[in-house]
1. Take the conditions farther than 29 Å from T34 by Cβ, in contact with a strand residue (DSSP E or B) (Cβ under 7 Å, 6 or more places away or on another chain) and exposed (fewer than 13 other Cβ atoms within 10 Å of the Cβ) and apply them to V187. Does it pass?
2. Within the range 84-97, work out how many residues are near the ligand (Cβ under 10 Å from one of its atoms), within 13 Å of the chain's Cα centre (by Cα) and of a type in the set (K, R).
3. Quickly run through the range 98-127 and pick out the residues that are within 16 Å of the ligand (Cβ to nearest atom) and within 23 Å of F172 (Cβ to Cβ).
4. Report yes if some residue within the range 75-83 is within 16 Å of the ligand (Cβ to nearest atom) and either within 16 Å of the chain's Cα centre (by Cα) or assigned by TED's automatic domain parsing to the domain that holds V35 (or both); otherwise report no.
5. If you take just the strands (runs of 3 or more DSSP E) that sit entirely in the range 1-111, which of them hold at least 1 residues that are open to solvent by less than 70 Å² (accessible area, probe 1.4 Å) and under 13 Å from V153 (Cα atoms)?
6. Could you grab me the full set of residues in the range 115-149 that are open to solvent by 50 Å² or more (accessible area, probe 1.4 Å), more than 24 Å from A104 (Cα to Cα) and not small (G, A, S)?
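The values are calculated or read from the model by the stated rules, or taken from the named source; none is laboratory data. Small disclaimer: the values here were computed from a predicted structure and weren't measured. Neighbour counts are summed over all protein chains in view; Cβ atoms, including those assigned to glycine, are modelled from backbone coordinates with ideal geometry. Side chains included, ligands, DNA and RNA excluded: accessible areas come from the protein's heavy atoms. Shrake-Rupley method; radii C 1.70, N 1.55, O 1.52, S 1.80 Å.
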Amino acid sequence: MGFRATVLTLYPEMFPGHLGVSLAGRALERGDATVEAVNIRDHATGKHRNVDDTPAGGGAGMVLRPDVLARAIDAVSPENDPRPRLLMSPRGRPLTQARVRELASGPGAVIVCGRFEGVDQRVIEARNLEEISIGDYVLSGGEPAALILLDAVIRVLPGVMGNALSGTHESFEAGLLEHPHYTRPQVFEDREIPAVLTSGNHKAVEDWRQEEALKLTRARRPDLLQTTETRPDQPEK
Ligand code: SAH
C-alpha cells in the first residue's frame with residue numbers, strides 16, 4: 001500500500017513542495033508513498049477560527065491551542081491508526097538515518113508542524129507525539145523540517161533509488177561519513193583522480209574507500225566513531 005504520510009499544518013500549500021520532483025516525485029507518482037497535507041485551521045471553531053493564543057505565564061509570541069490540534073489529529077488518525085505521530089520540534093530527539101529507516105519500514109506517519117512559539121504541552125502528552133528535531137537551530141515552522149524528514153524516508157523506500165546498492169555505503173549507514181567521489185575528466189585543473197580508483201583492483205578500491213571514510217569521520221565527526229567502533233557488525237580491518 002505504500003508509505004502514507006499525513007501532515008498537519010497551517011500552510012498546506014507548502015506540500016508536496018520539493019517532494020513533487022525528481023526521485024521523490026516519481027515515488028509519489030507511482031504511489032510508493034503518499035503525502036497528504038491537512039490544514040489545522042479547518043478544525044478550529046468559532047467566528048474567528050483561532051488556532052493560537054497567548055502563552056500562559058506571559059511572554060512573547062503565540063502558542064498553538066491543544067483543543068484545535070487534538071481535533072485535527074483525531075480527524076486524520078483514529079486511535080487504532082498504526083502510524084506513529086510525530087511533532088517536528090527543536091526540542092525533539094535529533095533525526096538519525098536509523099530512525100529514517102525505521103519509519104520507512106512502517107506504514108507511514110502523522111506529522112504535526114508547529115508554528116509560532118510551538119504547541120501546548122498537553123496535546124503532546126495526550127496524543128503521544130514523538131518530538132523529532134532536524135538539527136540545533138530554530139526554524140520559523142515545522143514544514144521544512146517535515147519535508148526534510150519525508151525526503152529522507154521516501155528515498156530509502158524499496159524501489160525508489162534506481163541502484164539498490166547506492167544506499168549502502170552512504171554517510172551514516174555504516175556509522176561513518178562517506179568516502180570522496182570522483183568522475184571524469186581524468187584531470188581537472190591539474191588534479192588527478194586517485195590512481196587506485198582507476199586501477200581496476202576492486203579490493204584495493206574497497207580498502208581505500210574504507211580508509212578515507214574513517215579518516216574523514218575522525219577529522220569531522222569523531223562523535224560518530226565512539227558508537228561505530230563498538231559495533232559488532234563492522235568488518236575487521
Ligand atoms: N519556541 C520554540 C521554537 C518554535 S519554532 C523553542 O524555542 O523550542 C516554531 C516551530 O518550528 C516549532 O514548533 C517546530 O515545529 C518547528 N521547528 C523549529 N526548529 C525546528 C527544528 N530544529 N527541528 C524541527 N522542527 C523545528
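1. Values: farther than 29 Å from T34 by Cβ: yes; in contact with a strand residue (DSSP E or B) (Cβ under 7 Å, 6 or more places away or on another chain): no; exposed (fewer than 13 other Cβ atoms within 10 Å of the Cβ): yes.
So V187 does not fit the description; no.
2. Qualifying residue count for the region: 0.
3. Our first condition is that a residue be within 16 Å of the ligand (Cβ to nearest atom); within the range 98-127, this holds for 99-100, 103, 109-125, 127.
Passing the criteria: R99, V100, L103, A109, I111.
4. So the first thing to find is which residues in the range 75-83 are within 16 Å of the ligand (Cβ to nearest atom), and the list is none.
Scanning the range 75-83, I find no residue that is within 16 Å of the ligand (Cβ to nearest atom) and either within 16 Å of the chain's Cα centre (by Cα) or assigned by TED's automatic domain parsing to the domain that holds V35 (or both), so the answer is no.
5. Working: elements: 3-9, 33-39, 85-94.
It comes to 3-9, 33-39.
6. Scanning the range 115-149 gives F116, E117, Q121, R122, E125, Y137, V138, L139.
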